[in-house]
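Read the figures in this text as sums done on the coordinates, not as results from a lab. Only a predicted model underlies this, so the values are computations on that prediction, with no experimental measurement involved. No Cβ is skipped: glycine too gets one built from the backbone with ideal geometry, and neighbour counts run over all protein chains shown.
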Amino acid sequence: MDDRASEKKDRLLAALERGMVMVHLDARRPGVLVPQELRCESHLRLHLSYKFVPPDLSVGEWGIRSTLSFSGARFTVAVPWSALFAITSKVTHEFWMFPDDMPTELTQIPPPKLRAAATARQSLEARPVSLREVDGERKSGDAEGEAPRGRSHLKLIKS
């Protein structure tokens, strides 16, 4: 077992002692065993816990083995250390990344959600937005000059 695999194993075991863990892996790597429909995933995330039924989680020199549920069907997965590139503790929210093992496409382009957010932000930055005050409906008995109750007195105007 090399140093990187040893570090992954130690971090995973420590996180599992605290509770549920999410492992990030490249399901296309040699030795990975996951359901057929997930074998082409470059960033597959699996939840692991000692409390899952059946309690067969095994963390060893080779990697990880466990029976997990996928859409209600049980499947025994196998993940060699070389395929695992990040670990997230669901309890402490700690995150460990192993960049040397990340799939190339994850290091070159931002994930789809980040791309969408960046596109939306660029779209908003390119379009000026201004706020202007508008008269709200006044209820009988409201004093002149008071802000109307209920609905906001500001309206978003997009150019």
### Message
Give me the mean projected area, in nm² to one decimal, of the convex hull enclosing the Cα positions of the stretch 3-105.
### Response
6.2 nm²
### Task
Sort Glu105, Glu94 so that the residue with the fewest other Cβ atoms within 10 Å of its own Cβ comes first and the one with the most comes last.
Glu105, Glu94
### Sorted by Cβ density within 10 Å, fewest first, the residues Lys90, Lys8, Lys51
Lys51, Lys90, Lys8
### Task
For Thr104 paired with Ser42, estimate the spin-label separation in nm (one decimal), with each label point 7 Å from Cα along the Cα-to-Cβ line.
0.9 nm
### Query
From the residues Thr76, Leu16, Ala27, which one has its Cα farthest along the dipole of the stretch 3-105 in the positive direction, the dipole being from +1 and -1 charges on Cβ of Lys/Arg and Asp/Glu about the Cα centre?
Thr76
### Task
State the extension gain, in nm to one decimal, for the chain segment bounded by Glu7 and Arg29, taking 0.36 nm per residue of separation less the distance between their alpha-carbons.
6.0 nm
### Message
Using the basic label-point model (7 angstrom from Cα toward the beta carbon), what is the Arg74 to Val53 distance in nanometres?
### Response
1.0 nm
### Task
Please tell me the relative contact order of the stretch 3-105 in percent, rounded to the nearest whole number, where contacts are Cα pairs under 8 Å and at least six residues apart.
32 percent
